[in-house]
Amino acid sequence: MKYKPISNTLFKKNRIKLQSLLSVNSIAIVHSNDQMPRNGDLFFPFRQSSDFFYLTGIEQEKSVLVLYPDSADNNQKELLFIIRPDENTEIWEGKKLTKNDAKEISGIESIFYLDEYDSLLKQLYLKADSIYVNNNENERFHSEIDGRDYRKTKALQQELFNFQFKRLAPLMQKLRLVKEQEEIELISEACRITGKAFSDVLRHVKPGMHEYEIEAIITYHYIKNGANGHAYEPIIGSGINSCYLHYTKNNKLISNGEILFMDFGAEYANYASDCSRAIPVNGKFSVRQKQVYNAVLRIFNEAKKLMTPGNTIARCQACVVELMEKELVDLNLLTMAQIKNKDTNNLAYKKYFMHGISHFMGLDTHDVGNKNIEFCKGMVLSCEPGIYIMEEELGIRIENDILITDNSPIDLMQKIPLEIDEIEALMNK
Ligand SMILES: [Mn+2]
């Protein structure tokens, strides 16, 4: 962990909010993420489960949070289990959390070691009417590997075959969608670090570099500023590569006259930022590049205004499509006749704009939530229109992170250069 310590009042608040959603006399169990095996004796870098972090702030593997009812005073109680530190492991891996560390980070009073889990939990199950268990319910996620929450739940269900199990994920979604002020500050810090990286890219990019050299500049600023690193694999694509939506090879030579497209975002204290910019490799947009860039920018500015309480991603998308169709006609990419054909299997604009305008953001880049959830104060979303013209090897996406308020939305990336004049001036300084 490279970030400044987070006050445990955030995690306490989060647990209180969850407890208020649990049904009477129920237990909730949330597991940390697994250490994911790589090869030989290595694991991939550990990233805590977003739900587990949200409720505890604990970054360590093999940890468990248990919320349970106490019949004595009708209040929910909380237990945190961590691995028992042992000297042998610590020689290699460094210090593990002590009970005091865990208490300080999470604000949980009752900390136990994992080897005490089975005997302690048994007593609690028998008094409860139902057990909430967690699962990754992201609708776009498919994995052949079972996560830790899933495996532990399967085992528990075998043992407690006649118990009532409930889904925790819908409750976690509801909570994580609306950010506390502390969370907004962490996301803003991630955005600020992303902006620092972009400023330096503007200073250094030139024909003859490779895409990965740009990635290296960005990575340097992330780590130097206390970010975990990238919130997702960065996309650094020049020329034709600017048109591939999830291009991450980042290994092509950058040539004079091309657009360099970047989709990149720092992860700070496990909170994501998500930014996209397109810049001219030689420091000057061509006439055509300018036309397409400004078309995307106009849509971006309009789309941002739609991010107000009561709206949804689906409704924003519908408005953006209308704006997009008009721009695509003006760019001589589509005809009015093509646009009037509303065959849903073959919508003309989709040749040039094939993705969504927005997604929720937070502990995950594509955070919990779906396109029909009504926006409300405290939600953070991306705003990301794009036009990709394969035949011209020209792809432009503009993406900033937007905070919903009761009034106008706040652009958390408003300080990251966006206008053509601004970008050209910085590149030619
Ligand atoms: Mn995005």
| remark: What the Cα atoms of the range 1-145 span along the principal axes, largest first and in whole Å, is 48, 38, 32
| task | Write down the percent of antiparallel bridges among all DSSP beta bridges whose residues are both part of the chain, to the nearest 5. | result | 80
| Which percentage, to the nearest 5, of the DSSP beta bridges contained in the range 50-123 is antiparallel? | 60
| field | the range 361-429 versus the range 29-69: alpha-carbon centroid distance in Å | value | 30
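Taking the Cα centre of the chain as origin, sum charge times position over the Cβ atoms of Lys and Arg (+1) and Asp and Glu (-1), and report the length of that vector in debye to the nearest 20. Numbers along the way, then the final one.
Working: 52 positive and 60 negative charges, 109 e Å.
It comes to approximately 520 debye.
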| task | Tell me the GluC sites (Glu not before Pro) within the range 264-334 that lie in a loop according to DSSP and have at most 11 other beta-carbon atoms within 10 Å. | result | none
| query | Lysine pairs in the range 320-429 with alpha-carbon atoms under 24 Å apart, 8 or more places apart or on different chains: how many are there? | reply | 14
| said: I'd like the trypsin sites (Lys or Arg not before Pro) in the range 287-352 restricted to DSSP loop residues with at most 13 other Cβ atoms within 10 Å, sorted by number. | reply: LYS342
| Of the lysine pairs in the range 109-224, how many meet both conditions: Cα atoms under 30 Å apart, and a spacing of 8 or more in sequence or different chains? | 20
| query | Which order do peptides 374-384, 200-210, 222-232, 48-58 fall in by mean Cβ count within 10 Å, highest first? | reply | 48-58, 374-384, 222-232, 200-210
| request: Run the dipole for the range 1-122 about the Cα centre, Lys and Arg Cβ at +1, Asp and Glu Cβ at -1, nothing else charged, and hand back the magnitude in debye, nearest 20. | output: 540
| Relative contact order (%) - the range 328-429, alpha-carbon pairs under 8 angstrom, separation at least six | 17
| remark: For the range 305-348, the convex hull over Cα atoms projects on average to an area in nm² of 3.6
| task | In nm, give the distance between the simple-model label positions of LYS415 and LYS2, each being 7 Å from the Cα along the Cα-to-Cβ direction. | result | 1.9
| Among THR153, VAL321, GLY265 - extreme Cα towards positive end, dipole of the chain, charges at beta-carbon | VAL321
| request: Show the residues, 5+ positions off or on another chain, whose built amide H is closer than 5 Å to the amide H of SER238. | output: PHE261
| task | Please report the relative contact order for the range 236-381, taking Cα pairs under 8 Å with a sequence separation of at least 6, and give it as a percent rounded to a whole number. | result | 20
| query | Can you give the translational diffusion coefficient of the chain in µm²/s, computed by Stokes-Einstein from the Kirkwood radius over Cα pairs at 10 °C and 1.306 mPa s? | reply | 67
| Fraction in percent of alpha-carbon pairs per bin - 5 Å, the range 201-342 | 2, 9, 15, 16, 17, 16, 13, 7, 3, 1, 0
| query | Between HIS204 and TYR117, what is the label-to-label distance in nm when each label sits 7 Å out along the Cα-to-Cβ direction? | reply | 4.3
| Added length on full extension, which subtracts the Cα-Cα distance from 0.36 nm per residue, GLU422 to ASP41 | 132.3 nm
| remark: Mean separation of Cα contacts under 8 Å (at least 6 apart) over the residue count of the range 1-122, i.e. the relative contact order in percent, is 25
| What GluC sites (Glu not before Pro) does the range 77-161 have in DSSP loop regions with at most 12 other beta carbons within 10 Å? | GLU109, GLU139, GLU144
| For the range 74-204, with only Lys/Arg (+1) and Asp/Glu (-1) charged at the beta-carbon, what is the dipole magnitude about the Cα centre, in debye rounded to 20? | 400
| query | Whose amide H sits under 5 Å from the amide H of CYS275, counting only residues 5 or more places off or on another chain, with H placed in the peptide plane? | reply | PHE264, GLY265
| J(HN,Hα) series, the range 181-187, from Karplus relation 6.51 cos²θ - 1.76 cosθ + 1.60, nearest Hz, glycine and proline x | 4, 4, 5, 4, 5, 5, 5
| query | For the range 369-429, what is the per residue volume of the convex hull drawn over the alpha-carbon atoms, in cubic angstrom? | reply | 117
| message | Can you give me the distance in nm between label points at GLU137 and LYS305, each placed 7 Å from the Cα along the Cα-to-Cβ direction? | response | 3.7
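Values in this text are rule-based calculations from the coordinates and carry no lab data. Note that this is a predicted model, so its numbers are computed, not measured. Note: ideal-geometry Cβ built from the backbone for every residue, glycine included; neighbour counts use all protein chains shown.
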